[in-house]
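*Asks:* Supplied in C-alpha coordinates, the structure appears directly below.
The values are calculated or read from the model by the stated rules, or taken from the named source; none is laboratory data. Quantities reported herein were computed from a predicted structural model and do not represent experimental measurements. Positions of Cβ are generated from backbone atoms using ideal geometry, with glycine treated the same way; all protein chains shown enter the neighbour counts. The protein model used for the area step is the full one, side chains on, heavy atoms only, and it has no ligands, DNA or RNA in it. Shrake-Rupley method; radii C 1.70, N 1.55, O 1.52, S 1.80 Å.
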Amino acid sequence: MPPTVDLAPDKPTGAGLEVAAGHTRCVRFNADGVFLVHSRSGQHAAITARQWYDILVNKEVEDLKGGNFWMPKAVNLTADDSDLMYYAVLGLSLFFFVGIAGAVVYFCIRYRHRPGHKPEPSPAHNDALEITWTVIPTIICVFLFYYGWNTYVRVVTPPTKAVEINVLAWRWNWQFTHSNGVQDSDLHVPVNTPVRLVMTSKDVLHSFYAPVMRVKQDIIPRRYTYAWFFPTKPGTYRLTCAEYCGTNHSQMGITNDGRRAVLVVHKPGDYERYLSDKAALSLNMNPVDLGRTLYEKKGCNACHTVDGSARVGPTFSHDFGTMVPLSDGSQVKMDENYIRESVIYPQAKARPGYPPSMPSFEGQLKDKEIEGIIAYIKSLQ
Ligand code: CUA
(Lines give C-alpha, C1' and ligand atoms only; values in the text may rest on other atoms or scores of the structure.)
Protein backbone atom coordinates (compact mmCIF):
# COMPACT_ATOMS: atom_id res chain seq x y z
CA MET A 1 0.00 0.00 0.00
CA PRO A 2 1.43 3.44 -0.86
CA PRO A 3 2.14 5.79 2.05
CA THR A 4 -0.77 8.10 2.84
CA VAL A 5 1.53 10.94 3.90
CA ASP A 6 4.43 12.57 2.13
CA LEU A 7 7.60 11.59 3.88
CA ALA A 8 10.24 14.29 4.17
CA PRO A 9 13.86 13.14 4.32
CA ASP A 10 15.28 13.06 7.84
CA LYS A 11 18.89 13.54 8.80
CA PRO A 12 20.77 10.29 8.21
CA THR A 13 22.58 10.90 11.50
CA GLY A 14 19.33 10.72 13.49
CA ALA A 15 18.49 7.89 15.83
CA GLY A 16 16.73 5.87 13.18
CA LEU A 17 14.76 2.74 13.71
CA GLU A 18 15.12 -0.03 11.20
CA VAL A 19 12.71 -2.92 11.18
CA ALA A 20 13.08 -5.76 8.74
CA ALA A 21 10.01 -6.60 6.68
CA GLY A 22 7.72 -8.99 8.47
CA HIS A 23 9.36 -8.38 11.84
CA THR A 24 7.98 -6.54 14.84
CA ARG A 25 9.96 -4.23 17.09
CA CYS A 26 8.73 -2.96 20.39
CA VAL A 27 9.49 0.70 21.12
CA ARG A 28 8.94 2.59 24.31
CA PHE A 29 8.31 6.31 23.88
CA ASN A 30 9.35 8.92 26.41
CA ALA A 31 7.35 12.10 26.74
CA ASP A 32 8.38 14.65 24.09
CA GLY A 33 10.48 11.99 22.32
CA VAL A 34 10.95 12.28 18.59
CA PHE A 35 12.00 9.10 16.79
CA LEU A 36 13.31 9.23 13.28
CA VAL A 37 12.31 6.19 11.29
CA HIS A 38 13.18 5.03 7.82
CA SER A 39 12.15 2.28 5.51
CA ARG A 40 14.45 0.06 3.48
CA SER A 41 13.41 1.89 0.34
CA GLY A 42 15.11 4.98 1.76
CA GLN A 43 12.06 6.90 2.92
CA HIS A 44 12.33 8.76 6.20
CA ALA A 45 9.88 10.14 8.71
CA ALA A 46 9.53 10.83 12.41
CA ILE A 47 7.30 9.42 15.09
CA THR A 48 6.65 11.95 17.82
CA ALA A 49 5.51 10.91 21.27
CA ARG A 50 3.38 13.47 23.06
CA GLN A 51 1.31 13.69 26.19
CA TRP A 52 -2.42 13.55 25.50
CA TYR A 53 -2.77 17.20 26.46
CA ASP A 54 0.10 18.15 24.16
CA ILE A 55 -1.79 16.54 21.30
CA LEU A 56 -4.70 18.84 22.16
CA VAL A 57 -2.57 21.99 22.16
CA ASN A 58 -1.05 21.00 18.80
CA LYS A 59 -4.45 20.69 17.15
CA GLU A 60 -5.50 23.33 14.67
CA VAL A 61 -7.41 26.18 16.32
CA GLU A 62 -11.15 26.04 15.77
CA ASP A 63 -11.69 29.79 15.53
CA LEU A 64 -12.13 29.69 11.79
CA LYS A 65 -14.69 26.89 11.77
CA GLY A 66 -18.20 28.31 11.98
CA GLY A 67 -18.65 31.95 12.78
CA ASN A 68 -19.05 34.60 10.09
CA PHE A 69 -17.18 37.38 8.33
CA TRP A 70 -17.10 39.51 11.46
CA MET A 71 -16.35 37.13 14.31
CA PRO A 72 -15.56 33.50 15.16
CA LYS A 73 -18.37 31.55 16.80
CA ALA A 74 -18.53 32.40 20.49
CA VAL A 75 -18.00 29.63 23.06
CA ASN A 76 -18.57 31.82 26.08
CA LEU A 77 -21.98 31.64 27.74
CA THR A 78 -22.13 35.39 28.31
CA ALA A 79 -20.79 36.38 24.88
CA ASP A 80 -24.17 36.42 23.14
CA ASP A 81 -25.14 39.71 24.82
CA SER A 82 -22.00 41.52 23.74
CA ASP A 83 -22.28 40.04 20.25
CA LEU A 84 -25.85 41.30 20.03
CA MET A 85 -24.69 44.77 21.10
CA TYR A 86 -21.98 44.67 18.46
CA TYR A 87 -24.44 43.77 15.70
CA ALA A 88 -26.96 46.35 16.97
CA VAL A 89 -24.38 49.16 16.88
CA LEU A 90 -23.04 47.97 13.53
CA GLY A 91 -26.59 47.83 12.08
CA LEU A 92 -27.55 51.26 13.42
CA SER A 93 -24.32 52.80 12.11
CA LEU A 94 -24.84 51.27 8.69
CA PHE A 95 -28.48 52.40 8.59
CA PHE A 96 -27.64 56.01 9.43
CA PHE A 97 -24.54 56.10 7.26
CA VAL A 98 -26.49 54.98 4.22
CA GLY A 99 -29.44 57.28 5.11
CA ILE A 100 -27.35 60.39 5.67
CA ALA A 101 -24.93 59.84 2.77
CA GLY A 102 -27.92 59.08 0.51
CA ALA A 103 -29.71 62.28 1.57
CA VAL A 104 -26.57 64.37 0.97
CA VAL A 105 -26.18 62.98 -2.55
CA TYR A 106 -29.89 63.35 -3.29
CA PHE A 107 -30.04 66.99 -2.11
CA CYS A 108 -26.85 67.89 -3.97
CA ILE A 109 -28.45 66.78 -7.19
CA ARG A 110 -32.00 67.99 -6.48
CA TYR A 111 -31.00 71.50 -5.40
CA ARG A 112 -27.92 72.05 -7.50
CA HIS A 113 -27.40 75.46 -9.11
CA ARG A 114 -28.89 75.69 -12.59
CA PRO A 115 -29.46 78.68 -14.84
CA GLY A 116 -33.08 79.87 -14.60
CA HIS A 117 -33.65 78.36 -11.13
CA LYS A 118 -34.00 80.61 -8.07
CA PRO A 119 -33.21 79.23 -4.58
CA GLU A 120 -36.41 78.16 -2.80
CA PRO A 121 -37.07 79.84 0.55
CA SER A 122 -36.22 77.48 3.44
CA PRO A 123 -38.44 77.36 6.53
CA ALA A 124 -36.79 78.67 9.73
CA HIS A 125 -38.56 76.25 12.01
CA ASN A 126 -40.42 72.90 11.95
CA ASP A 127 -41.73 71.55 15.25
CA ALA A 128 -42.64 68.07 14.04
CA LEU A 129 -39.25 67.55 12.41
CA GLU A 130 -37.25 68.81 15.40
CA ILE A 131 -39.16 66.71 17.92
CA THR A 132 -38.67 63.64 15.71
CA TRP A 133 -34.89 64.08 15.34
CA THR A 134 -34.54 64.59 19.08
CA VAL A 135 -36.82 61.85 20.41
CA ILE A 136 -35.73 59.00 18.13
CA PRO A 137 -31.94 59.38 18.75
CA THR A 138 -32.66 59.73 22.48
CA ILE A 139 -34.53 56.44 22.53
CA ILE A 140 -31.69 54.78 20.60
CA CYS A 141 -29.05 56.16 22.99
CA VAL A 142 -30.98 55.08 26.09
CA PHE A 143 -31.37 51.59 24.58
CA LEU A 144 -27.64 51.39 23.82
CA PHE A 145 -26.71 52.67 27.27
CA TYR A 146 -29.04 50.32 29.12
CA TYR A 147 -27.98 47.15 27.32
CA GLY A 148 -24.33 48.19 27.17
CA TRP A 149 -24.23 48.89 30.90
CA ASN A 150 -26.11 45.68 31.68
CA THR A 151 -23.67 43.61 29.61
CA TYR A 152 -20.66 45.43 31.03
CA VAL A 153 -21.70 44.69 34.61
CA ARG A 154 -22.02 41.01 33.75
CA VAL A 155 -18.64 40.96 31.97
CA VAL A 156 -16.77 42.45 34.93
CA THR A 157 -18.50 40.44 37.67
CA PRO A 158 -17.33 36.82 37.82
CA PRO A 159 -19.48 34.32 39.71
CA THR A 160 -18.19 33.62 43.20
CA LYS A 161 -17.49 29.96 42.45
CA ALA A 162 -14.96 30.11 39.64
CA VAL A 163 -11.82 28.16 38.77
CA GLU A 164 -9.09 30.69 39.40
CA ILE A 165 -5.95 30.79 37.26
CA ASN A 166 -3.06 33.21 37.68
CA VAL A 167 -1.66 34.77 34.54
CA LEU A 168 1.80 36.26 34.28
CA ALA A 169 2.81 37.93 31.03
CA TRP A 170 6.22 39.11 29.95
CA ARG A 171 8.22 39.74 26.81
CA TRP A 172 7.35 37.34 25.21
CA ASN A 173 5.43 34.59 26.82
CA TRP A 174 2.52 33.61 29.03
CA GLN A 175 2.63 31.71 32.26
CA PHE A 176 -0.61 30.24 33.55
CA THR A 177 -0.43 28.98 37.13
CA HIS A 178 -3.15 26.59 38.32
CA SER A 179 -4.45 25.86 41.80
CA ASN A 180 -2.08 22.91 42.35
CA GLY A 181 1.01 24.84 41.21
CA VAL A 182 1.13 23.47 37.67
CA GLN A 183 2.50 26.06 35.26
CA ASP A 184 2.09 26.14 31.52
CA SER A 185 2.39 28.57 28.65
CA ASP A 186 -0.89 27.32 27.16
CA LEU A 187 -4.14 28.02 28.97
CA HIS A 188 -6.08 24.90 29.95
CA VAL A 189 -9.60 25.32 31.34
CA PRO A 190 -12.58 23.05 32.12
CA VAL A 191 -15.80 23.22 30.11
CA ASN A 192 -19.08 24.45 31.63
CA THR A 193 -17.33 26.08 34.58
CA PRO A 194 -16.70 29.77 35.14
CA VAL A 195 -12.98 30.59 34.86
CA ARG A 196 -11.49 33.67 36.46
CA LEU A 197 -8.10 35.00 35.46
CA VAL A 198 -5.98 37.07 37.83
CA MET A 199 -3.39 38.74 35.64
CA THR A 200 -0.25 40.80 35.96
CA SER A 201 2.84 41.62 33.91
CA LYS A 202 6.55 41.43 34.64
CA ASP A 203 7.58 44.28 32.38
CA VAL A 204 5.33 46.21 30.00
CA LEU A 205 1.66 46.35 29.00
CA HIS A 206 0.28 43.20 27.44
CA SER A 207 -3.30 42.24 26.69
CA PHE A 208 -4.99 38.88 27.11
CA TYR A 209 -7.19 38.20 24.11
CA ALA A 210 -9.25 35.07 23.46
CA PRO A 211 -11.47 35.90 20.46
CA VAL A 212 -13.93 33.00 20.90
CA MET A 213 -14.51 34.11 24.49
CA ARG A 214 -14.89 37.78 23.51
CA VAL A 215 -12.44 38.54 26.31
CA LYS A 216 -9.78 41.20 25.88
CA GLN A 217 -8.17 42.65 28.97
CA ASP A 218 -5.02 44.70 29.44
CA ILE A 219 -2.32 43.22 31.67
CA ILE A 220 -0.45 45.83 33.66
CA PRO A 221 2.86 45.63 35.56
CA ARG A 222 2.68 45.93 39.37
CA ARG A 223 -1.09 45.69 39.33
CA TYR A 224 -3.67 42.91 38.98
CA THR A 225 -6.41 42.93 36.38
CA TYR A 226 -9.16 40.37 35.97
CA ALA A 227 -11.10 38.59 33.27
CA TRP A 228 -13.56 35.75 33.31
CA PHE A 229 -15.50 33.54 30.92
CA PHE A 230 -17.72 30.47 30.89
CA PRO A 231 -16.56 28.04 28.18
CA THR A 232 -19.38 26.10 26.60
CA LYS A 233 -17.61 23.84 24.08
CA PRO A 234 -14.45 21.73 24.39
CA GLY A 235 -11.79 22.54 21.82
CA THR A 236 -8.53 24.29 20.99
CA TYR A 237 -8.81 28.01 20.42
CA ARG A 238 -6.68 30.99 19.57
CA LEU A 239 -5.06 33.01 22.32
CA THR A 240 -3.03 36.10 21.63
CA CYS A 241 -1.50 39.27 23.01
CA ALA A 242 -3.45 42.31 21.83
CA GLU A 243 -1.19 45.10 23.06
CA TYR A 244 2.01 46.02 21.26
CA CYS A 245 4.73 44.94 23.71
CA GLY A 246 7.93 45.18 21.68
CA THR A 247 9.81 43.42 18.89
CA ASN A 248 8.28 39.97 19.30
CA HIS A 249 4.75 41.09 20.21
CA SER A 250 3.27 39.14 17.33
CA GLN A 251 5.27 36.07 18.39
CA MET A 252 4.22 36.15 22.03
CA GLY A 253 3.85 32.61 23.35
CA ILE A 254 5.36 30.98 20.26
CA THR A 255 6.87 27.53 20.80
CA ASN A 256 10.03 25.85 19.48
CA ASP A 257 8.18 24.34 16.55
CA GLY A 258 6.51 27.61 15.63
CA ARG A 259 3.12 26.90 17.18
CA ARG A 260 1.32 29.66 19.03
CA ALA A 261 0.04 29.50 22.58
CA VAL A 262 -3.56 28.29 22.64
CA LEU A 263 -6.58 28.08 24.89
CA VAL A 264 -7.71 24.49 25.45
CA VAL A 265 -11.21 23.88 26.79
CA HIS A 266 -11.28 20.36 28.25
CA LYS A 267 -14.09 17.82 28.29
CA PRO A 268 -15.59 17.19 31.76
CA GLY A 269 -12.97 15.51 33.96
CA ASP A 270 -10.03 16.15 31.63
CA TYR A 271 -9.00 19.41 33.28
CA GLU A 272 -8.45 17.57 36.58
CA ARG A 273 -6.59 14.83 34.70
CA TYR A 274 -4.41 17.48 33.03
CA LEU A 275 -3.54 19.02 36.39
CA SER A 276 -2.47 15.73 37.97
CA ASP A 277 -0.67 14.33 34.88
CA LYS A 278 1.22 17.56 34.36
CA ALA A 279 2.22 17.79 38.02
CA ALA A 280 3.48 14.19 37.99
CA LEU A 281 5.47 14.76 34.80
CA SER A 282 7.47 17.73 36.03
CA LEU A 283 8.61 15.76 39.08
CA ASN A 284 9.99 12.90 37.01
CA MET A 285 11.84 14.62 34.21
CA ASN A 286 15.59 14.35 33.83
CA PRO A 287 17.40 17.72 34.03
CA VAL A 288 18.05 18.10 30.30
CA ASP A 289 14.42 17.36 29.39
CA LEU A 290 13.26 19.67 32.15
CA GLY A 291 15.55 22.43 30.81
CA ARG A 292 14.35 21.90 27.26
CA THR A 293 10.73 22.10 28.41
CA LEU A 294 11.39 25.26 30.40
CA TYR A 295 13.27 26.81 27.47
CA GLU A 296 9.96 26.70 25.63
CA LYS A 297 7.47 27.09 28.46
CA LYS A 298 9.20 30.06 30.06
CA GLY A 299 9.66 31.76 26.73
CA CYS A 300 13.49 31.68 26.66
CA ASN A 301 13.03 30.74 23.00
CA ALA A 302 11.63 34.18 22.21
CA CYS A 303 15.13 35.65 22.60
CA HIS A 304 17.67 32.81 22.69
CA THR A 305 18.25 30.32 19.90
CA VAL A 306 19.80 26.89 20.29
CA ASP A 307 21.34 26.82 16.82
CA GLY A 308 24.17 29.30 17.37
CA SER A 309 22.50 32.33 15.78
CA ALA A 310 21.90 35.54 17.72
CA ARG A 311 18.38 36.76 18.33
CA VAL A 312 17.36 39.38 20.94
CA GLY A 313 19.80 37.63 23.29
CA PRO A 314 22.85 35.40 22.84
CA THR A 315 22.40 31.82 21.70
CA PHE A 316 22.36 28.92 24.17
CA SER A 317 24.75 26.79 22.19
CA HIS A 318 28.53 26.80 21.65
CA ASP A 319 29.56 29.17 24.47
CA PHE A 320 29.43 26.99 27.57
CA GLY A 321 32.86 26.60 29.17
CA THR A 322 34.42 29.38 27.09
CA MET A 323 35.35 32.96 28.02
CA VAL A 324 32.69 35.37 26.79
CA PRO A 325 33.10 39.17 26.47
CA LEU A 326 31.07 41.52 28.67
CA SER A 327 29.73 45.01 28.00
CA ASP A 328 32.33 46.60 30.30
CA GLY A 329 35.18 45.16 28.24
CA SER A 330 36.09 42.35 30.65
CA GLN A 331 35.53 38.64 30.17
CA VAL A 332 33.82 35.96 32.16
CA LYS A 333 33.80 32.20 31.95
CA MET A 334 30.38 30.94 30.92
CA ASP A 335 29.80 28.27 33.53
CA GLU A 336 27.06 27.13 35.92
CA ASN A 337 27.52 30.23 38.11
CA TYR A 338 27.31 32.61 35.18
CA ILE A 339 24.06 31.02 33.94
CA ARG A 340 22.51 31.04 37.39
CA GLU A 341 23.43 34.68 37.96
CA SER A 342 22.13 35.68 34.53
CA VAL A 343 18.78 33.99 35.15
CA ILE A 344 18.31 35.85 38.44
CA TYR A 345 20.09 39.16 37.68
CA PRO A 346 20.08 39.33 33.87
CA GLN A 347 21.86 42.69 33.73
CA ALA A 348 24.62 41.82 36.23
CA LYS A 349 27.06 40.61 33.58
CA ALA A 350 25.50 41.63 30.31
CA ARG A 351 26.98 40.70 26.96
CA PRO A 352 27.66 43.52 24.47
CA GLY A 353 25.36 44.05 21.51
CA TYR A 354 22.17 42.82 23.18
CA PRO A 355 19.38 45.09 24.52
CA PRO A 356 18.88 44.93 28.32
CA SER A 357 15.36 43.51 27.90
CA MET A 358 15.51 40.23 29.84
CA PRO A 359 13.30 40.14 32.95
CA SER A 360 14.54 38.53 36.16
CA PHE A 361 13.33 35.00 36.88
CA GLU A 362 14.05 35.28 40.58
CA GLY A 363 11.38 33.41 42.53
CA GLN A 364 9.88 32.02 39.34
CA LEU A 365 12.27 29.16 38.76
CA LYS A 366 12.92 26.62 41.46
CA ASP A 367 16.53 25.55 42.05
CA LYS A 368 15.78 22.27 40.32
CA GLU A 369 14.53 24.17 37.31
CA ILE A 370 17.60 26.41 37.11
CA GLU A 371 19.69 23.25 37.22
CA GLY A 372 17.58 21.94 34.35
CA ILE A 373 18.32 25.06 32.28
CA ILE A 374 22.04 24.68 33.01
CA ALA A 375 21.94 20.99 32.05
CA TYR A 376 20.12 21.84 28.83
CA ILE A 377 22.64 24.55 27.87
CA LYS A 378 25.48 22.11 28.60
CA SER A 379 23.83 19.50 26.41
CA LEU A 380 23.90 21.91 23.46
CA GLN A 381 27.68 22.22 23.30
CU1 CUA B 1 2.61 40.85 24.86
CU2 CUA B 1 2.09 42.03 22.87
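*Asks:* Between residue 381 and residue 144, what's the calculated FRET efficiency when r is the beta-carbon distance and R0 is 56 Å? Round to 0.05.
*Replies:* 0.35
*Asks:* Next question. Assign unit charges at the C-beta atoms only (+1 for Lys and Arg, -1 for Asp and Glu), then state the dipole size of the chain relative to its Cα centre in Debye, rounded to the nearest 20. Spell out each step's value before the answer.
*Replies:* Working: 39 positive and 36 negative charges, 94 e Å.
For this selection, approximately 440 debye.
*Asks:* Moving on. When the C-alpha atoms of the chain are aligned to their principal axes, what extent does each axis show, in angstrom, from largest down?
*Replies:* 94, 64, 55
*Asks:* Here's a follow-up. Distance between the C-alpha centers of the stretch 244-277 and the stretch 129-183? Whole Å please.
*Replies:* 23
*Asks:* How much of the DSSP bridge set in the chain is antiparallel, in percent, rounded to the nearest 5?
*Replies:* On the way: 32 of 44 bridges.
Of those bridges, close to 75 percent are antiparallel.
*Asks:* Show which lysines lie in cross-link reach of residue 267 when reach means a straight Cα distance below 18 angstrom and same-chain residues fewer than eight apart are skipped.
*Replies:* Leaving aside lysines fewer than 8 places away in the same chain, those within reach of residue 267 are 59, 233, 278.
*Asks:* Stretch residue 310-residue 68 to full length: gain in nm at 0.36 nm per residue minus the Cα-Cα span? Please list the in-between numbers first.
*Replies:* Numbers: separation 242, 0.36 × 242 = 87.12 nm, distance 4.17 nm.
That works out to 83.0 nm of additional length.
*Asks:* Report, ordered by chain and residue number, the aspartates and glutamates lying within cross-link reach of residue 366, taken as a straight Cα distance under 18 Å and ignoring same-chain residues fewer than 8 apart.
*Replies:* Correct list for residue 366: 184, 289, 296, 336, 341.
*Asks:* Sorting check: for 251-262, 168-179, 92-103, 211-222, which peptide has the highest mean count of neighbouring beta carbons within 10 Å, and how do the rest follow? Please report the intermediate quantities before stating the final value.
*Replies:* Values: 251-262: 17.1, 168-179: 21.1, 92-103: 10.5, 211-222: 19.3.
Result, highest mean first: 168-179, 211-222, 251-262, 92-103.
*Asks:* Roughly how tilted is helix 367-379, in degrees to the nearest 10 and between 0 and 90, from the longest Cα axis of the chain?
*Replies:* Helix 367-379 sits at roughly 70 degrees to that axis.
*Asks:* Using the Cα centre of the chain as origin and beta-carbon charges of +1 (Lys, Arg) and -1 (Asp, Glu), tell me which of 177, 95, 353 is placed farthest towards the positive end of the dipole.
*Replies:* 95
*Asks:* Given R₀ = 22 Å, FRET efficiency for residue 101-residue 133 by Cβ-Cβ distance, to 0.05? Don't skip to the answer; put the middle values down first.
*Replies:* Details: r = 17 Å, r/R0 = 0.77.
Once the sixth-power term is evaluated, E becomes 0.85.
*Asks:* Can I ask one more? Could you sort 284-296, 121-133 so that the peptide with the highest average Cβ count within 10 Å comes first and the rest follow in order? Don't skip to the answer; put the middle values down first.
*Replies:* Values: 284-296: 18.1, 121-133: 8.3.
Going from most to least packed, we get 284-296, 121-133.
*Asks:* For residue 368 paired with residue 152, estimate the spin-label separation in nm (one decimal), with each label point 7 Å from Cα along the Cα-to-Cβ line.
*Replies:* About 4.8 nm separates the two model spin labels.
*Asks:* Determine the calculated [θ] at 222 nm for the chain from helices alone, applying -39500 (n - 2.57) to every DSSP H run no shorter than 4 residues and normalising by the residue count; nearest 500 deg cm²/dmol.
*Replies:* Working: 7 runs with 116 residues, N = 381.
-10000 deg cm²/dmol, from helical runs alone.
*Asks:* So, one more: Rounded to the nearest 10 degrees, what's the angle between the helix 79-110 long axis and the longest principal axis of the chain, both from Cα atoms, 0 to 90?
*Replies:* That works out to roughly 50 degrees.
*Asks:* Next up: Return one whole number: the accessible area per residue of the chain in Å², for a 1.4 Å probe. Please report the intermediate quantities before stating the final value.
*Replies:* Working: 22800 Å² over 381 residues.
Computed with neighbouring chains in place, this is 60 Å² per residue.
*Asks:* How would you rank 311-319, 51-59, highest first, on the average number of other Cβ atoms within 10 Å across their residues?
*Replies:* Numbers: 311-319: 18.1, 51-59: 15.6.
Descending packing order for the listed peptides: 311-319, 51-59.
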